[in-house]
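The values are calculated or read from the model by the stated rules, or taken from the named source; none is laboratory data. Since we're looking at a predicted model, the values are computed, not measured. When we count neighbours, we look across all protein chains shown, and the Cβ atoms used for this are built from the backbone with ideal geometry, even at glycine. Areas reflect the complete protein model, heavy atoms only, side chains present, ligands, DNA and RNA absent. Shrake-Rupley method; radii C 1.70, N 1.55, O 1.52, S 1.80 Å.
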2 protein chains.
Amino acid sequence: MTAQDTALAYFRAWTGKDFDKAMTYIADDIVCDAPPGRIEGAEAFRAFMGPFAGTVEDSALLAAFGDDTTAVLVYDTKTALVPSAPGAEYVTVQDGRITHMRIIFDRAPFEAARARASRD
Amino acid sequence: MTAQDTALAYFRAWTGKDFDKAMTYIADDIVCDAPPGRIEGAEAFRAFMGPFAGTVEDSALLAAFGDDTTAVLVYDTKTALVPSAPGAEYVTVQDGRITHMRIIFDRAPFEAARARASRD
């Protein structure tokens, strides 16, 4: 499997509601640089991404590129809170598992949706 | 020039404080899907990206990939308001100019910085 294959397998699993399978592509000592800050280790990564993955109603892969050790995915997601939440992931893969992930998305619409919900 | 070459030339120009040069890589009828919504046309694009580019103090290219017509860049920027503001751009290029750009970044730290500034 190339780095891109691993990134795509992870993407298909988490957008396909199989987060246990998604985690099989995540290294135990993953370092994830995400909008809220750095997340270290598979357990913390699951606590960060798992709840979001559970809210995804639909997704579309927009772009996928990679080389021997790294890959980039760009995608859009539809969630209960936010109808279009695009994201980009830049991953480093070793032995079929993602050891580093830089994930980029806009927290603003999620914060706005939570603020609306707390007012209701 | 490949699509990636064009994306990189645009990136180097705007992070290098030469936004006039950056605009030479932007199609007149560019469509840009950005966190605030869709931006259409070079003039609106300049109004959106130019002010942000002017605040960039430092930048680092993290990843660049492409094929015949598309490219993806992942980068980090340091701005006066936000010390680390990573972004991803997925672009389509025709005849050496970017005709479509999907740009992904987190607006939350910018909104927080503006809120702090308005309280001071």
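A few remarks follow.
- When the range A:37-57 is filtered for residues that are in contact (Cβ under 8 Å) with a residue 12 or more places away in the chain, over 23 Å from B:Asp76 (Cβ atoms) and of a type in the set (A, V, I, L, M, F, W, C), the ones remaining, listed by number, are A:Ala42, A:Ala53, A:Val56.
- Whichever residue in the range B:26-44 is open to solvent by 40 Å² or more (accessible area, probe 1.4 Å) and either within 14 Å of chain A (Cβ to nearest Cβ) or of a type in the set (Phe, Trp, Tyr) (or both) and, among such residues, is farthest from B:Phe105 (Cα to Cα): B:Arg38
- Verdict on B:Ala112 being within 11 Å of chain A (Cβ to nearest Cβ), modelled with pLDDT under 95 and either closer than 29 Å to A:Ala112 by Cβ or not in a strand (DSSP E or B) (or both): yes
- Across the range B:98-120, the qualifying residues are those that are free of Cβ contacts under 8 Å to residues at least 60 places away in the same chain and among the aliphatic types (A, V, I, L, M), and the one among them that is nearest to B:Gln4 (Cα to Cα) is B:Ala108.
- Take the conditions (1) touching a helix residue (DSSP H, G or I) at 6+ places or on another chain (Cβ under 8 Å); (2) touching a residue at least 40 places away in the same chain (Cβ under 8 Å); A:Asp33 misses just one of them, which is (1).
Conditions (1) of a type in the set (Phe, Trp, Tyr); (2) open to solvent by 30 Å² or more (accessible area, probe 1.4 Å), marked per residue:
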residue	(1), (2)
A:Pro51	no, yes
A:Asp58	no, yes
A:Thr69	no, yes
A:Ala80	no, yes
A:Ala85	no, no
A:Val93	no, no
A:Phe105	yes, yes
A:Ala112	no, yes
A:Ala117	no, yes
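- Number of residues in the range A:1-23 that are away from chain B (no Cβ under 13 Å), surrounded by 14 or more Cβ atoms within 10 Å (Cβ to Cβ) and not aromatic (Phe, Trp, Tyr): the value is 10.
- Residue in the range B:87-105 that is away from every other protein chain (no Cβ under 12 Å) and at pLDDT below 95 present: no
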